[in-house]
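J.: Got a structure for you, written out below as structure tokens; questions coming shortly.
Bear in mind these aren't lab numbers, they're just calculated from the coordinates by the rules spelled out. Note that the structure is a prediction, hence the values are computed from the model and not measured. Glycine also receives a Cβ, built like all others from the backbone with ideal geometry; neighbour counts cover every protein chain displayed.
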Amino acid sequence: MADLSLDFCGVKFKHPIVIASLETTNSPEVIRECVDAGAAGMIIKTLTDIEDMARLTQNSKYAILNEKNELIRGKVNKNFVFYSRSGYSSTSLREWIPHLIELNKYAQGQGSHLIGSAGGKTVQSWVDICRTIEDCGLPMVELNFGCPHPAMMPGVHGGSMIGQDPEVAAEVTARVCEAVKIPVVIKLTPDQSRLVDVARAVRDAGAAGVTATNRYTGFSVDIETGLPRLGGPAGIGGVWAKALSLRWVHRIYNELGMPITGSNGIYDHRDIVEFIMTGAPLVQVGSVLMLKGIKYLPHMITGLNDFMDSHGYPDVASMTGIASRAAVKDYAEQFRKPRMHSEIAADACKNPSCTICIQTCFYDALAQGDGSVESIHANCIGCEMCTQTCPFDATAMFTTSEEHRASKTFFQIADGVFEHGKFDKPFDRGIKLSKVKG
Ligand SMILES: Cc1cc2nc3c(=O)[nH]c(=O)nc-3n(C[C@H](O)[C@H](O)[C@H](O)COP(=O)(O)O)c2cc1C
């Protein structure tokens, strides 16, 4: 049996699955349920002194959508889109204190951890909330620089607004890290392009790790009524977001090498494995448990364990980051890889007149021959589309010989097609091309 345990930022977890900060960690009863279901940790719903963020949770609204963008009725499958609005914990920090102390002990009794989450109104309130969390004995705190909702709240500066600004993010992180000894993990927002800069800034300010990522801000329309769902923009997530989250996990893992906990897009153990292989050994599961109930959690743990056993991974470290380390660094590296071409096996092709491979080849590399499909090696660029659209699995890829690779003159623009210099004028109008060489 695989060893699922891991050390994350100095805290030992019995396996990689913790419950994300959301409604399933918003009351002592459900947190206890998570512990009993075997969670390795629970991140409490963000504790706050921002009145409107607490009020928003009392006004939560959900639109769980299927692949047709209709409201789901009943069974939720892996294609779900979770469009919703919710704030931070609407129970005050003062009321939470005795529960934090008691629940932390309860969790630790079962080898689990209650983890703090903070979202303050001012820099001082971030510090105060985190000190309270530490004083209650919790071993780690997450700073929520990822929530999309404060940005839609007049007069509030929090969540993703902080997470989009490396300087402000670093300032809040530094102040909290000076004030507490427990590891501080920063939850990042994907609603930006500078996420790696923010991760670097908070690492340099003292963060022990980052969470990649919170959810996106979205907008969804009910086309029957012509109205926006939930009245306007809201948070959006689902498994569709996983590849976008992994892109950031991949970049942080390769460029910064700091501890990452993965969030945003997990439905089952297969998604968890993807996050781990990309570089996030600890993962957070959220909306899927809101939709399927806490009883779904043990299936994820068993699924992960079975996967590791059946694929020969002895422990979490042996899977962590393997895909990111195998990825090309850039397209220059990609271009150095040998060129491939496809060939159709005439005996495996059960219906040469179906022509789906020819229709989905955009490089003139497949042609209808006499009773079979012919491959034209010189045209095939090795895109592998035909290997996936062929219903008979009749295509295979081979390395293309030197003579059939694109000639060196391929990218030269033919003389006489346009006059050199003809288009220079419009570009000159106020547009600086100084960075473009040649
Ligand atoms: C209804 C709802 C409430 C949430 N509340 C919080 C919160 O209070 N604090 C926080 O850091 N993240 C919050 N999140 C974000 C989740 O913790 C998690 O990062 C996100 O849902 C992506 O993970 P998932 O794909 O497993 O749902 C919330 C998400 C949802 C759907």
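J.: Of the GluC sites (Glu not before Pro) in the stretch 181-286, which ones lie in a loop per DSSP and count no more than 14 other C-beta atoms within 10 Å?
T.: GLU224
J.: Give me the aspartates and glutamates in straight-line cross-link reach of LYS292: C-alpha distance below 20 Å, same-chain residues under 8 apart excluded.
T.: GLU23, GLU29, GLU33, ASP36, GLU67, GLU70, ASP268, ASP271
J.: For the cross-link pairs LYS187/LYS295; LYS78/LYS187; LYS45/LYS105; LYS242/LYS295; LYS45/LYS75; LYS105/LYS242, which exceed 28 Å when the distance is taken from alpha carbon to alpha carbon?
T.: Result: LYS105/LYS242 exceed 28 Å.
J.: Just from its helices, what would the mean residue ellipticity at 222 nm be for the chain, if runs of 4 or more DSSP H residues each count -39500 (n - 2.57) and the sum is divided by every residue, rounded to the nearest 500 deg cm²/dmol?
T.: It comes out at -9000 deg cm²/dmol, rounded to the nearest 500.
J.: Report Rg/Rh for the stretch 65-196, rounded to two decimals, where Rg is the Cα radius of gyration and Rh the Kirkwood radius.
T.: Looking at the stretch 65-196, the ratio lands at 1.03.
J.: Would you please name the trypsin sites (Lys or Arg not before Pro) within the stretch 76-170 that are DSSP coil residues with at most 13 other C-beta atoms within 10 Å of their C-beta? Don't skip to the answer; put the middle values down first.
T.: Numbers: sites: LYS78, ARG85, ARG94, LYS105, LYS121, ARG131; in loops: LYS78, LYS121.
Answer by residue number: LYS78.
J.: Any chance you could list P(r) for the stretch 256-404, counting all Cα-Cα pairs in 10 angstrom bins from zero, rounded to whole %?
T.: The percentages, shortest bin first, are 10, 26, 19, 24, 18, 3.
J.: Kindly point out, ordered by number, any Cys in the chain whose beta-carbon has no other cysteine beta-carbon under 4.7 Å away.
T.: CYS9, CYS34, CYS130, CYS136, CYS147, CYS177, CYS349, CYS354, CYS361, CYS380, CYS383, CYS390
J.: Continuing with the same structure: Can you tell me the convex hull volume per residue for the stretch 1-57, based on C-alpha atoms, in Å³ to the nearest whole number?
T.: 91 Å³
J.: Run through all the Cα pairs of the chain and give the fraction in each 20 Å bin from 0, expressed as whole percent.
T.: Percent of Cα pairs in each bin: 22, 45, 26, 6, 0.
J.: Using only the Cα atoms of the stretch 151-277, what are the Rg and Dmax in Å?
T.: Rg, Dmax (Cα atoms, Å): 16.1, 54.
J.: Find the relative contact order for the stretch 127-178 and round it to a whole percent, using C-alpha pairs within less than 8 Å whose residues are 6+ positions apart.
T.: Value for the stretch 127-178: 27 percent.
J.: Still on this structure: Using the 2.2 N^0.38 Å rule of thumb for compact globular proteins, work out how the stretch 18-106 stacks up: its C-alpha Rg over that value, please.
T.: Rg over 2.2 N^0.38 Å, computed on Cα atoms: 1.25.
J.: Also, quick follow-up: Looking at the chain only, what percent of DSSP beta bridges run antiparallel? Nearest 5 please.
T.: 50 percent
J.: Determine Rg/Rh for the stretch 232-330; Rg is computed over alpha-carbon atoms and Rh is the Kirkwood hydrodynamic estimate from the same atoms.
T.: Radius of gyration relative to Kirkwood radius: 0.99.
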